[in-house]
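Peer 1: Questions regarding the structure given below will be posed in turn.
The values are calculated or read from the model by the stated rules, or taken from the named source; none is laboratory data. Since this is a predicted model, take the numbers as computed values, not measurements. Quick reminder, even Gly has a Cβ in these numbers, built from the backbone with ideal geometry, and neighbours come from all protein chains shown. Heavy atoms of the whole protein, side chains included, go into the accessibility calculation; ligands, DNA and RNA do not. Shrake-Rupley method; radii C 1.70, N 1.55, O 1.52, S 1.80 Å.
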Amino acid sequence: MIKAFKKGLIGFGLIGVGICFFWLCGEVSAQSSHLFRTYKHEVPQKLQETPEAVAEGKKVYEKRCWYCHGIEGKGDGPASKTMFPKPRNFTRNEYKVRSTTLGSVPTDEDLFRIITSGIEGTAMPFWNTISETERWQVIFYVKTFNEQFMKDVTAKVVSVVSIASTPESVKRGQELFKETKCYECHGEDGRGNGPLTVALQTEWNMPYRARDLTKGWNFKGGNTIEDIYRTISTGFNETPMGSYLEKLSDEDRWHVAHFVKSLAKDMASDVVVKVKLCENDQLPTESSDENWSKATAVEVPLAGQIIATPRHWAPSIDAIMIKALYNKSEIAFLLEWDDSTNKQEEIFRDAVSLQFPTKIPESLKKPYFAMGDSGGTVNLWSWKAYWHEGFGAVVEAPENESGSVIEMNAKGFKSVTIQPSESQNVTGTGIYQNGRWKVVLKRTLKTEDAKGDMQFEIGKLIPVAFAVWDGSNSDVGGQKSVSSWYYVSLEKPVPKTVFAYVLIAIIMGASVEMWFIARLRRFPPKLEEE
Amino acid sequence: MANKRKTFLLIWVLTAVGCLFVFLKYASPKIFQVLMAKDHPMPMPSTLMMWYMIMGVLAGLVYATTSNQKFADFLSFLLPGSGSLIKSFLQKMLFVGFPVLVGWFVYTWAIPGAASPVELRIQHPTLPQDFEKLENPLRQKDEETQRKSIEEGKILFQTYCRPCHGSKADGNGPFANSFRLRPINFQDPGTIATVVDNYLFWRIKEGAPGLPSEATPWDSAMPSWKDDLKDDEIWMIIMGEYDTAGVMPRQREKLE
């Protein structure tokens with residue numbers, strides 16, 4: 001009885017260990033690393049605020065800060081012309097990341113944290129590279145630009161005590177997000193596309209952009225739950241983001257913070273877009289197709305096109321997500337990116353473009369990543385949002401209009417040619433939903449135009465680059481967000497024979513083992529003590 | 001008690017080999033990341049890993065065969081006997097584990113592997129002859145003019161170079177993440193501190209499109225500024241760039 005129990009226990013144990021082993025093997029994956037600036041909370045002992053320290057701070061400021069923030073602290077330094085968001089104007093109280101109530105100036109510690117951490121999504125670098133003393137001194141100098149620092153000596157600090165997140169809390173937060181009308185600026189899905197933001201941005205031409213809450217790496221005041229709670233409580237001075245200290249109870253602010261935290265995602269970056277084989281015969285033609293869930297998403301950070309004039313210093317699209325599937329004859333790409341508006345004008349229209357070399361490179365040499373070069377032609381698949389209105393009109397592309405796709409070839413910025421109509425074989429649709437464009441582009445793996453089109457091959461690394469235009473940000477032509485070369489790889493399906501090989505290997509392994517043990521048991525090694 | 005340890009000699013050797021594997025696979029990339037001061041883990045190359053593992057297994061076998069007694073202990077683990085529960089459990093695990101391991105090896109070799117990109121580039125192409133003879137005219141001027149040039153250059157650097165190379169010339173500008181070949185960190189003593197002004201003048205003026213064929217622009221996003229900046233402005237940027245990064249250009253060797 002006990003013996004049988006023991007055997008059973010051992011058997012189960014073995015199966016468990018085996019499962020764990022295989023599970024662990026599947027977990028190993030490669031990640032490409034980015035250096036995102038994160039909000040750091042630690043603050044060392046403050047320096048004594050003396051006139052000498054202020055004088056020293058002036059030196060630091062005029063060595064490192066004034067190029068952007070201006071010699072008089074007005075945020076109008078000579079370098080600010082290639083920046084958006086613009087540098088902080090220290091003469092006004094437009095401080096955003098604070099622990100103090102709305103309208104107050106930040107504490108010295110708040111300033112220390114932001115100087116040490118830098119601000120992702122802006123030009124502000126992290127200054128933990130200069131000494132703590134220098135950082136305190138420059139803070140004392142920066143405070144001299146605004147008299148309010150003298151008046152508000154005792155700042156009212158909002159206390160932050162962490163509360164654990166629960167599914168109920170997130171759900172309540174979602175309700176409050178609606179009730180408190182957070183969506184009017186941040187959008188229903190939190191993509192920073194609320195009607196107020198769109199109006200301020202396009203009709204009033206205001207520099208305010210509601211945070212896209214799904215991009216966790218872009219939270220200016222940090223993306224920990226305490227940071228989000230603090231931002232909701234204190235608000236951002238001189239922006240539409242007010243304080244909810246009085247409008248919401250302490251508990252409710254935690255609920256909203258937990259909901260916001262649940263929206264914030266990290267960037268799923270990788271170098272290779274793995275294209276899965278779709279066993280079904282049909283590839284998805286719509287972005288809403290369920291089959292897309294089979295594909296692995298890769299997110300790619302984008303920069304302004306700064307390679308050739310006209311350079312784009314202030315792009316509004318900073319990331320694109322790619323998924324891809326293929327079957328025996330076709331390949332389909334799903335491209336998704338967040339855009340706060342869907343407004344199109346005749347020239348300024350939302351668009352996306354995929355770029356491939358015309359040949360899979362044999363060596364490391366690829367065409368120049370920005371539209372190719374004289375020695376390397378690229379194949380461009382370009383999708384543009386719908387437009388049928390007259391000159392000067394600004395309208396939203398209707399949902400039932402899927403935009404237009406053209407195929408082009410380029411040998412550098414200045415020699416772009418549209419392929420003849422018989423070679424136009426990319427099809428595509430685009431749809432704008434809740435602050436996000438979703439575009440599907442599809443083509444056969446091979447085409448007849450072997451000279452101008454990429455011919456896809458299974459198992460090869462195929463370079464690919466991306467470009468996105470945001471019409472409402474006046475993006476057109478060279479004014480766009482771009483990436484450098486990434487890769488797509490059409491994954492080879494696992495042949496069925498593999499499992500036969502594995503089975504044979506296991507049987508052979510077991511036989512060798514049994515033979516060895518049987519031999520060992522027949523001729524046991526002689527122990528010296530016996 | 002010594003007897004007990006000997007009974008499990010085989011298991012101890014296997015555990016040691018297992019620990020070696022875990023160390024090489026997971027711990028060493030982190031350790032080398034710290035030692036080499038990199039911002040990414042440094043994984044062990046797979047061939048090196050294989051050799052280390054072979055050496056590890058051999059070392060285990062050498063240890064187990066240092067005396068006849070040890071070898072007998074080593075093998076006797078596999079014999080049936082008055083084993084404790086733990087012994088019979090480990091025995092069974094070993095019997096099942098060996099064929100499974102063999103099967104797994106065959107599986108990993110047989111499945112189609114995803115190729116990972118190899119990217120190399122010539123870090124330091126040779127300065128073309130046209131640029132070799134040039135002199136930075138501003139370095140000849142009096143101190144006051146030089147100081148002004150540096151300040152002018154810093155403004156230009158902050159305006160046009162900062163988006164990628166960063167306010168501190170540390171290669172961490174707001175666009176830096178988007179270029180897979182990260183913009184160069186000029187504070188690194190292995191970069192602009194090892195070249196002369198002319199070299200930078202060439203790189204700024206011609207950019208990635210002007211790289212020679214042995215260092216063709218595969219991934220470098222360095223723009224060509226020849227149409228947008230005057231020569232004087234480029235010389236100023238160079239002076240401002242060295243100053244911002246806190247390094248000095250390499251001194252020319254005195255020619256006899």
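Peer 1: Please name whichever of A:Y229, A:H388, B:Q158 sits farthest to the positive end of the charge dipole of the protein assembly as shown, dipole taken about the Cα centre and charges placed at Cβ: Lys and Arg +1, Asp and Glu -1.
Peer 2: A:Y229
Peer 1: Taking Cα pairs under 8 Å and at least six residues apart, what relative contact order does chain A come out at, in percent? It would help to have the intermediate numbers written out before the result.
Peer 2: Values: 1023 pairs, mean separation 63.7, N = 530.
Computed over chain A, the figure is 12 percent.
Peer 1: Mind checking the dipole of chain B: about its Cα centre, +1 per Lys or Arg Cβ, -1 per Asp or Glu Cβ, Debye to the nearest 20?
Peer 2: On the way: 27 positive and 26 negative charges, 441 e Å.
So the dipole magnitude of chain B works out to roughly 2120 debye.
Peer 1: Hey, another quick one. Taking 0.36 nm per residue of separation and subtracting the Cα-Cα distance, what length does fully extending A:H41 through A:Q433 add?
Peer 2: On the way: separation 392, 0.36 × 392 = 141.12 nm, distance 3.66 nm.
Additional length available on full extension: 137.5 nm.
Peer 1: Using protein heavy atoms only (no ligands, DNA or RNA), what is the total accessible area buried between B and A, 1.4 Å probe, nearest 100 Å²? Show your work: numbers first, answer last.
Peer 2: Numbers: alone 17920 and 29320 Å², together 40720 Å².
Result for this pair: about 6500 Å² buried.
Peer 1: Expressed as a whole number of Å, what is the distance separating the alpha-carbon centroids of the range B:212-243 and the range B:40-85?
Peer 2: 57
Peer 1: Inverting the mean 1/r over all pairs of different Cα atoms, compute the Kirkwood radius of the range A:286-346 and quote it in Å.
Peer 2: On the way: mean 1/r = 0.0707 Å⁻¹.
Taking the inverse mean of 1/r over all distinct Cα pairs, the range A:286-346 comes out at 14.1 Å.
Peer 1: Here is a further query. Starting from the Kirkwood radius over alpha-carbon pairs of the range A:312-455, derive D by Stokes-Einstein at 25 °C in a medium of 0.890 mPa s and give it in µm² s⁻¹. Could you put the intermediate results ahead of the total?
Peer 2: On the way: Rh = 16.4 Å.
Approximately 150 µm²/s, per Stokes-Einstein.
Peer 1: At A:K74 and B:S67, where each label point lies 7 Å from the Cα along Cα→Cβ, what is the point-to-point distance in nanometres?
Peer 2: For the pair A:K74/B:S67, the computed spacing is 8.9 nm.
Peer 1: Another question, then. Is the C-alpha gyration tensor of the range A:224-315 telling us rounded, prolate or oblate? Criteria: a/c under 1.5 is rounded; beyond that, a/b larger than b/c is prolate, otherwise oblate.
Peer 2: Values: a/c = 3.17, a/b = 1.56, b/c = 2.03.
Oblate shape, in that a/c is at least 1.5 and b/c is the bigger or equal ratio.
Peer 1: Same structure again: Can you compute the charge dipole magnitude of the range A:51-151 about its Cα centre, using +1 on each Lys and Arg Cβ and -1 on each Asp and Glu Cβ, nothing else charged? Give it in debye, rounded to the nearest 20. Could you put the intermediate results ahead of the total?
Peer 2: Numbers: 15 positive and 13 negative charges, 63 e Å.
Value, rounded to 20: 300 debye.
Peer 1: May I have the extent of the alpha carbons of the range B:2-79 along their three principal axes, as whole Å values ordered from largest to smallest?
Peer 2: Result, largest extent first: 49, 23, 18 Å.
Peer 1: Quick check for me: using +1 on Lys/Arg Cβ and -1 on Asp/Glu Cβ, what's the dipole size of the protein assembly as shown about its Cα centre, in debye to the nearest 20?
Peer 2: Details: 91 positive and 93 negative charges, 654 e Å.
Dipole size: approximately 3140 debye.
Peer 1: Given an 8 Å cut-off on Cα distances and at least 6 residues of separation, report the relative contact order of the range A:167-263 as a percent. Write down the numbers at each step before the final one.
Peer 2: Values: 132 pairs, mean separation 32.5, N = 97.
The value is 34 percent.
Peer 1: What's the extension gain from A:W515 to A:T166 if we count 0.36 nm per residue and subtract their Cα-Cα distance?
Peer 2: On the way: separation 349, 0.36 × 349 = 125.64 nm, distance 5.68 nm.
Length gained, A:W515 through A:T166: 120.0 nm.
Peer 1: For the protein assembly as shown, which whole-number percentage of the solvent-accessible area (1.4 Å probe, protein heavy atoms only) is attributable to carbon and sulfur atoms?
Peer 2: Values: 24170 of 40720 Å².
In the protein assembly as shown, the share of accessible area belonging to carbon and sulfur is 59 percent.
Peer 1: To continue, here is another question. Which far-off residues, 5 or more places away or on another chain, put their amide H under 5 Å from the one on A:M124, with H placed in the peptide plane?
Peer 2: A:I119
Peer 1: Mind checking the angle between helix B:85-110 and chain B's longest principal axis? C-alpha axes, 0 to 90 degrees, to the nearest 10.
Peer 2: The angle comes out at about 40 degrees.
Peer 1: Taking N as the number of residues in the range A:51-151, what is its Cα Rg relative to 2.2 N^0.38 Å? Provide the component values of the computation, followed by the final result.
Peer 2: Details: Rg = 12.6 Å, N = 101, 2.2 N^0.38 = 12.7 Å.
Normalised Cα radius of gyration, the range A:51-151: 0.99.
Peer 1: What does the convex hull of the Cα atoms of the protein assembly as shown come to per residue, in Å³, rounded to a whole number? The partial results should precede the final answer.
Peer 2: Details: hull volume 196.1 nm³, N = 786.
For the protein assembly as shown, the hull spanned by Cα atoms encloses 249 Å³ per residue.
Peer 1: Let me check against my output: what whole-number percent is the relative contact order of chain B, with C-alpha pairs under 8 Å and at least 6 apart? Don't skip to the answer; put the middle values down first.
Peer 2: On the way: 243 pairs, mean separation 41.7, N = 256.
Reported as a whole number, the value is 16 percent.
Peer 1: Something else about it: So what is the 222 nm mean residue ellipticity for chain B from helices alone, if each DSSP H run of at least 4 adds -39500 (n - 2.57) and you divide by all residues, rounding to the nearest 500 deg cm²/dmol? Provide the component values of the computation, followed by the final result.
Peer 2: Working: 11 runs with 129 residues, N = 256.
Roughly -15500 deg cm²/dmol at 222 nm, from the helical runs in chain B.
Peer 1: Could you give the radius of gyration (one decimal) and Dmax (whole number) of the Cα atoms in the range A:167-263, in Å?
Peer 2: Values for the range A:167-263 (Cα only, Rg and Dmax): 12.6, 39 Å.
Peer 1: Under the rule a/c < 1.5 gives rounded, and otherwise a/b versus b/c splits prolate from oblate, where does the range A:386-503 land using the Cα gyration tensor? Present the calculation step by step, with values, prior to reporting the outcome.
Peer 2: Numbers: a/c = 2.23, a/b = 1.76, b/c = 1.27.
The shape class here is prolate.
Peer 1: Put +1 on the Cβ of each Lys and Arg and -1 on the Cβ of each Asp and Glu in the range A:321-462; which of A:T447, A:G375, A:G435 then has its Cα farthest toward the positive end of the dipole?
Peer 2: The one lying farthest along the dipole's positive direction is A:G375.
Peer 1: Something else about it: In whole Å and largest first, what semi-axes does the C-alpha gyration tensor of the range B:129-245 yield when each eigenvalue is scaled by 5 and square-rooted?
Peer 2: Details: eigenvalues 98, 61, 31 Å².
Result for the range B:129-245: semi-axes of 22, 18, 12 Å.
Peer 1: What ranking, highest mean first, results for peptides B:164-177, A:238-251, A:352-365 when packing means the other Cβ atoms within 10 Å averaged over each residue?
Peer 2: Values: B:164-177: 23.5, A:238-251: 15.0, A:352-365: 17.5.
By packing density, highest mean first, the sequence is B:164-177, A:352-365, A:238-251.
Peer 1: Can you give the Kirkwood hydrodynamic radius for chain B, in Å, rounded to one decimal and based on Cα pairs? Provide the component values of the computation, followed by the final result.
Peer 2: Values: mean 1/r = 0.0419 Å⁻¹.
In chain B this quantity evaluates to 23.9 Å.
Peer 1: Just to be sure I understand the rule: take each whole DSSP H helix in chain A, project its Cα atoms onto its long axis, keep it if the span is 15 Å or more and its mean Kyte-Doolittle hydropathy is at least 1.0. Which ones pass?
Peer 2: Values: long enough: A:2-27 (38 Å, 1.27); A:132-143 (17 Å, -0.51); A:167-179 (18 Å, -1.41); A:250-263 (20 Å, -0.73); A:497-522 (37 Å, 1.30).
Membrane-span-like by this criterion, though nothing is claimed about a membrane: A:2-27, A:497-522.
Peer 1: So for the pair A:D289, B:D130, with labels modelled 7 Å out along Cα→Cβ, what separation do we get in nm?
Peer 2: Each label point lies 7 Å from its Cα, and together they span 5.0 nm.
Peer 1: Quick one: P(r) of the range A:189-238 from all Cα-Cα pairs, 10 Å bins, percents rounded to integers, in order of increasing distance.
Peer 2: In whole percents, the pair-distance histogram is 24, 49, 25, 2.
Peer 1: How tilted is helix B:231-245 with respect to the longest principal axis of chain B? Cα atoms for both, answer in degrees (0 to 90, nearest 10).
Peer 2: 40
Peer 1: For the range A:105-137 and the range A:340-371, what is the separation of their C-alpha centers, rounded to whole Å?
Peer 2: Going from one Cα centre to the other spans 37 Å.
Peer 1: Subtracting the Cα-Cα distance from 0.36 nm times the residue separation, let me have the gained length for A:K451 to A:S415 in nm, one decimal.
Peer 2: 11.3 nm
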